[in-house]
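Step one of this worksheet: look at the structure below.
Please treat every number below as a calculation from the coordinates, not as lab data. This is a predicted model, so every value here is computed, not measured. Quick reminder, even Gly has a Cβ in these numbers, built from the backbone with ideal geometry, and neighbours come from all protein chains shown.
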Amino acid sequence: MRIVVTGGAGFIGSALVRHLVLEVGAEVLTFDKLTYAGNLANLAPVEGRANHSFVRGDIRDRAAVDAVFASFAPERIYHLAAESHVDRSINGAENFIETNVLGTFTLLESARRHWNGLDDAAKRAFRFLHVSTDEVYGSLGAEGLFRETTPYDPSSPYSASKAASDHLAVAWHRTYGLPTIVSNCSNNYGPYHFPEKLIPLIILNALHGKPLPVYGDGSNIRDWLYVEDHVRALHLIASEGRTGETYNVGGRNERRNIDVVRTICAILDRLAPAPRPHAELVTFVTDRPGHDARYAIDATKLETELGWRARETFETGIEKTVAWYLANEDWWRPLRDGVYAGERLGVLKEA
């Protein structure tokens, strides 16, 4: 099985590559631009493996994408390349539109050209899995869950760009017959997570005795999904899911942001005690613009149709995650010192 993973040097993408190469035994080509969030160190566990190769490239570059299809002849595309941080989208929306919308269009067109040239059996076997986010659905109130039929209502430039790319993937199936599938996941966490996101930011700030910034009053709720559970779901969806369909992937682990932060602090108090409790570093800061109140995924379709279940609870997953960061300073130190030091992003500025 030959699989191209776009964005395979990023957080979720690299977890997927490691799973496919080490557990599934697939032949994998990672295609990644290596932006600030792409990191070859994420792929160290598969370095030198005969069934893994890496190509540096931009999904907006049609010639580069066509060259990968021509040389590698993939049977599947797992498309994870994206600008993904909401805060960065507030002050840099153009990058999100170019990569997430135009890049997805370019990839779909290149895949369609490749697919049209296959024989009938290869056409039936080919899959294009477009990996997206629950943020496309907007914000929930105190009750209810996002389902595959929930209308799209994005709030940020990031989620709007992902909504657009979702629609493109569906349209390329309906119009051209390209066998696409869309997945929408809840908030991921786990090892190799770039430290701009909430959980790794809190872990590293706490280790350095820095303030632990919590937006607003910390009451915003997210459904947390351990990244290794997510990538198992992605491969299952591509292997057994129905083309033209959408599958939601969620861990059924809703937590308020402030409770996530306090849980991390309690774990660090045990594993890396400091002179005072880490929770005393919590600092409430001005909320970000358009901050959705609550996300929660209903994964019933994935669970009943394909038999997937999350293996990690939030308690087991967050314990593993904190322990990984404590044991892997050689991974995060260069990022913290040279790429992103934990400064506030997404403060609204004049256009």
**OP:** Positive end of the charge dipole of segment 186-234 (Lys, Arg +1 and Asp, Glu -1 on Cβ, about the Cα centre): tell me which of 205, 188, 227 has its Cα farthest that way.
**Re:** 205
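Taking the Cβ-Cβ separation of residue 113 and residue 280 as r and a Förster radius of 45 Å, what is the calculated FRET efficiency to the nearest 0.05?
On the way: r = 58 Å, r/R0 = 1.29.
Between residue 113 and residue 280 the formula returns 0.20.
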Original post:
Can you work out ³J(HN,Hα) from phi for every residue in segment 279-289, in order, using Karplus 6.51 cos²θ - 1.76 cosθ + 1.60 and θ = phi - 60°, giving whole Hz and x for Gly and Pro?
Top reply: 4, 5, 7, 4, 10, 7, 10, 4, 5, 7, x
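Please state, rounded to one decimal and in Å, the Kirkwood hydrodynamic radius that segment 181-269 gives when every pair of distinct Cα atoms enters the mean of 1/r. Write out the running numbers ahead of the final one.
Numbers: mean 1/r = 0.0689 Å⁻¹.
Computed over segment 181-269, the radius equals 14.5 Å.
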**OP:** Rounded to the nearest Å, what's the spacing between the alpha carbon centres of segment 136-153 and segment 17-63? Just the number, please.
**Re:** 33
Subject >> 13 Å cut-off, amide nitrogen to a point 7 angstrom out along residue 23 Cα→Cβ, residues in segment 228-263 >> reply: 228-237
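Could you order the peptides 132-141, 235-244, 314-323, 197-206 from most to least packed, using the average number of other C-beta atoms within 10 Å per residue? List each step's numbers first, then the result.
Numbers: 132-141: 21.1, 235-244: 16.8, 314-323: 18.3, 197-206: 22.9.
Going by the mean number of other Cβ atoms within 10 Å, highest first, we get 197-206, 132-141, 314-323, 235-244.
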Original post:
Can you list residues whose amide H is under 5 Å from residue 282's amide H, if they're 5+ apart or on another chain and H is modeled 1.01 Å from N?
Top reply: 212
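How large, in Å, is segment 75-128 by the Kirkwood hydrodynamic radius built from its alpha-carbon pairs?
It is 12.7 Å.
For the chain, what mean projected area does the convex hull of the alpha carbons give, in nm²? Kindly include the intermediate steps, with their values, before the conclusion.
Values: hull surface 68.3 nm².
Seen from a random direction, the Cα hull of the chain projects 17.1 nm² on average.
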Subject >> Linear extension gain, residue 55 paired with residue 217, 0.36 nm per residue minus alpha-carbon span >> reply: 54.0 nm
Original post:
For labels at residue 66 and residue 35 in the simple 7 Å Cα→Cβ model, what's the distance in nm?
Top reply: 2.5
Subject >> Amide H contacts of residue 296 (H built 1.01 Å from N, under 5 Å, at least 5 apart or other chain) >> reply: 146
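Just the number, please: Stokes-Einstein D of segment 1-145 in µm²/s, Kirkwood Rh from C-alpha pairs, 37 °C, 0.692 mPa s.
205
Per the Cauchy relation, a quarter of the hull surface: what is the mean projected area of the convex hull of the alpha carbons in segment 184-227, in nm²? Show your work: numbers first, answer last.
Working: hull surface 14.9 nm².
So the mean shadow area of the Cα hull is 3.7 nm².
How large is the dipole of segment 220-301 about the Cα centre if only Lys and Arg carry +1 and Asp and Glu carry -1, each at its Cβ, rounded to the nearest 20 debye?
Working: 12 positive and 12 negative charges, 29 e Å.
Roughly 140 debye, rounded to the nearest 20.
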**OP:** Please count, across the chain, the pairs of lysine residues with Cα atoms under 30 Å apart that sit 8 or more places apart or on different chains.
**Re:** 18
Original post:
Along the Cα-to-Cβ line of residue 337, 7 Å from the Cα, sits a label point; which residues in segment 164-205 have backbone N less than 17 Å from it?
Top reply: 195, 204-205
Subject >> From phi via Karplus (6.51, -1.76, 1.60), per-residue ³J(HN,Hα) for segment 213-221 in Hz, x at Gly/Pro >> reply: x, 10, 5, x, 9, x, 8, 4, 10
Subject >> Amide hydrogen neighbours beyond the local backbone of residue 245, cut-off 5 Å, H modeled >> reply: 182
